[in-house]
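Written below as C-alpha cells is the structure these notes are about.
The values are calculated or read from the model by the stated rules, or taken from the named source; none is laboratory data. Only a predicted model underlies this, so the values are computations on that prediction, with no experimental measurement involved. Positions of Cβ are generated from backbone atoms using ideal geometry, with glycine treated the same way; all protein chains shown enter the neighbour counts. Heavy atoms of the whole protein, side chains included, go into the accessibility calculation; ligands, DNA and RNA do not. Shrake-Rupley method; radii C 1.70, N 1.55, O 1.52, S 1.80 Å.
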Amino acid sequence: MKYRLTLLVAASASVLLAGGAWADDQAAPPSAPDQAASGITPAAPPPAAAPPVAPASWASTIKVSGQIDTGITINPAGPDTGLNYGRLFDDKAGKLLLNQAALTVERDLDPKAKGVDFGFKVQAFYGSDARITHFIGELDRSIDQINQVDVVEANLLAHLPILTAGGVDIKAGQFSTPLGQEVIDPTGNFFYSHTYIFNFGIPFKHTGVLTTTHVNPKLDIYAGYTTGVNTSVGSGGGDNDGQFHFLGGFGLNLNKLTVLALTHIGPEDPYGSLGPGVDVHEKLRYLSDVLFTYKAGDKLTSVTELNYIRDDGFNATGGGVAQYFTYVLTPELTAGVRAEVWRDNNGFFVAAFPGNFDYLSVEAGRLNTSFSQGPATYGAITVGLNIKPAHLPKLIDGLTFRPEVRYDRALAGGTPFDGAPGTAKDQFTFGIDLVAPLAF
C-alpha cells in the first residue's frame with residue numbers, strides 16, 4: 001500500500017508540472033548551449049544494473065588436487081642398522097624416499113553457510129609413509145615393498161544450523177586425527193622430520209564420527225566416537241569388539257591466540273598381548289594433546305605443544321613438550337626452529353621398525369622385527385627453511401624445498417642411537433625434501 005501511494009504522489013506531481021509547462025505556451029526546452037549558459041547540467045542516464053551473479057553450484061566447488069613429497073635424510077654416523085632411531089617417516093638413513101604421491105578429491109563446508117551444507121573428502125597416496133599410516137586391516141598387506149598404498153581420508157561432512165548460532169559440523173567416516181600440531185599431509189607441516197610427539201604420542205587416524213559445536217566465535221566443543229587408534233572396523237581392523245573410544249575436547253579463539261585441547265581414550269592393546277586371562281577391553285590408553293598458537297604478527301608465529309600418553313595394559317607412560325617458531329623473511333623464504341623434550345618412561349613407545357610391515361604388526365599384535373632401546377628422555381632441536389620459488393606455473397605453484405638440520409640427544413637413559421644396541425647418546429641428521437603440490 002505504501003509503495004502504491006508513493007507512485008500516486010509522484011504521478012500527481014508529474015501531471016502538475018506538465019500542466020504548468022503547457023500553460024506557459026508549451027515552451028520548448030532550452031537547447032544544449034542554453035542549458036550550459038544557465039548552469040543546468042543534463043541528468044546522466046542511470047547506470048545499467050549489473051546482472052545478478054548466479055550462486056556457484058555444489059558440484060562446481062569440488063576440488064581435485066595432489067602433491068608429491070620426496071626426500072632424503074643423511075646420518076653422518078652411518079648406523080649399522082641403516083636407521084635413524086626415533087624416527088618413522090624419515091627413518092632410512094641416506095636413502096632417497098618417495099614419501100607420498102597423493103591425490104585428494106574434496107568439497108569443503110562453506111564457512112559462511114547459514115543453513116544445511118554438505119561436503120566430503122577422499123585422500124589416498126602411494127609411498128613409503130604408508131608403512132606407518134595404514135588403517136589396521138585396510139590395504140595394510142597389499143604390497144610388501146617399502147612403497148605402499150594408503151587411504152588417509154574417506155569421510156562425509158555436514159554443517160547443521162542447530163543448537164547454537166554457529167551450528168554443528170559433523171565428520172563421519174575415516175579421517176586424520178585432530179590431535180597435534182603435525183599432520184600426515186606434508187603440505188601441512190613446516191619441517192620434513194617429525195616430533196616424538198607426532199610419531200609416538202598421538203594417533204594418526206580414526207574411523208568414526210566427530211562433531212564440532214561452534215558455541216560462539218570464541219569457543220568450539222569437540223565430541224565424537226571412534227573405533228580406536230589407526231583402526232578401521234571389526235576385529236580384523238583393530239576394533240576391540242566395538243568398544244567405545246572417546247574423542248573430544250575444546251578449542252578457544254582469542255584474537256591472536258588459539259588453544260586446542262583434545263583427548264582420545266579407549267582400549268588399544270591387541271588380543272593376547274597382555275597375557276592369558278587379561279581382558280584387553282578393560283585396559284585403556286589415554287592420548288592427550290594441547291596446542292597454543294600465537295600469531296605475533298604477519299611474520300612471527302609461535303606454537304607450544306603439550307603431550308601425554310598412558311597405556312594401562314602395559315603400565316606405560318610418556319609425554320613432553322615441543323616449541324615451534326617460524327618467521328617469514330620474504331614471500332619466498334621462511335625460517336623455523338623446533339625444540340622438543342619427550343620422555344618414554346618404560347621404553348614402550350619409542351622404537352625402530354626395520355621391516356616394511358613392522359609398525360603395523362606391532363599395532364596388530366603380530367610377529368615383527370622392531371626393537372626398542374629402553375627408557376629414555378629424548379631432546380631434539382631442528383632448524384630449517386621453507387623455500388618457495390616465485391613465478392612458477394599454476395600447476396606447481398607452491399612448490400617447496402624444506403632443508404633442515406636436526407640434533408637429537410638422550411638427556412637421560414643410556415645410548416639409544418647409532419646401532420642395535422645403541423652406541424651413542426646423540427644423533428645428527430641433515431634432511432631435505434621437495435613438496436610439489438599439484439592443482440588440477
Can you show me the helix-derived [θ] at 222 nm for the chain, built from DSSP H runs with n ≥ 4 at -39,500 (n - 2.57) apiece and divided by the number of residues, rounded to the nearest 500.
-2500 deg cm²/dmol
If you compute Rg and Dmax of the Cα atoms in Å for the structure shown, which of (1) 30.5, 116; (2) 22.2, 66; (3) 24.4, 77 do you land on?
(1)
In whole angstrom, note down how far apart the Cα centers of region 225-300 and region 381-413 are.
28 Å
Averaged per residue, what accessible area in Å² does region 102-198 show with a 1.4 Å probe, protein chains only?
39 Å²
Between residue 216 and residue 65, what is the label-to-label distance in nm when each label sits 7 Å out along the Cα-to-Cβ direction?
3.3 nm
With θ set to phi - 60°, apply the Karplus curve 6.51 cos²θ - 1.76 cosθ + 1.60 along region 428-440 and write out the HN-Hα couplings as whole Hz, x wherever there is a Gly or Pro.
9, 9, 10, x, 8, 9, 10, 10, 10, x, 10, 9, 9
With 26 Å as the limit, write out which pairs from 114/218; 92/171; 92/299; 205/283; 114/171; 205/299 have Cα-Cα distances beyond it, or answer none.
92/171; 92/299; 205/299
Mind listing the phi-derived Karplus ³J(HN,Hα) values for region 123-128, rounded to whole Hz, using 6.51, -1.76 and 1.60 with θ = phi - 60°, and x for any glycine or proline?
9, 9, 8, 10, x, 6
Can you compute 3J(HN,Hα) from phi for each residue in region 216-233, using the Karplus curve 6.51 cos²θ - 1.76 cosθ + 1.60 with θ = phi - 60°, rounded to whole Hz and x for Gly and Pro?
7, x, 9, 9, 10, 10, 10, 7, x, 10, 9, 8, x, 8, 6, 10, 9, 10
Extension gain from residue 164 to residue 243, taking 0.36 nm per residue of separation minus the Cα-Cα distance:
25.4 nm
Projecting each Cα onto the charge dipole of the chain (Lys/Arg +1, Asp/Glu -1 at the beta carbon, about the Cα centre), which of 347, 79, 405 comes out farthest on the positive side?
405
Is region 131-193 rounded, prolate or oblate when judged by the Cα gyration tensor, a ≥ b ≥ c being the square roots of its eigenvalues, rounded requiring a/c under 1.5 and prolate requiring a/b larger than b/c?
oblate
Rounded to the nearest 10 degrees, the helix 2-23 long axis (Cα) sits at an angle to the longest Cα principal axis of the chain of 30 degrees
Cβ-derived FRET efficiency at R0 51 Å, residue 250 paired with residue 430, nearest 0.05
0.80
Under a plain spin-label model, where a point goes 7 Å from the Cα along Cα-to-Cβ, how far apart in nm are residue 263 and residue 105?
4.0 nm
Potential extension, residue 98-residue 72 segment - 0.36 nm per residue separation minus Cα distance
8.5 nm
Length added when fully stretched, residue 346-residue 281, from 0.36 nm per residue minus Cα-Cα:
21.2 nm
Spin-label zone in region 226-251 - amide nitrogen under 18 Å from a point set 7 Å from the Cα of residue 118 along the C-beta vector
none
Tell me the carbon and sulfur percent of the accessible area for the chain, rounded to whole percent, probe radius 1.4 Å.
66 percent
Work out, in µm²/s and without decimals, the Stokes-Einstein translational diffusion coefficient of region 337-440 at 37 °C, 0.692 mPa s, Rh from Kirkwood over C-alpha pairs.
201 µm²/s
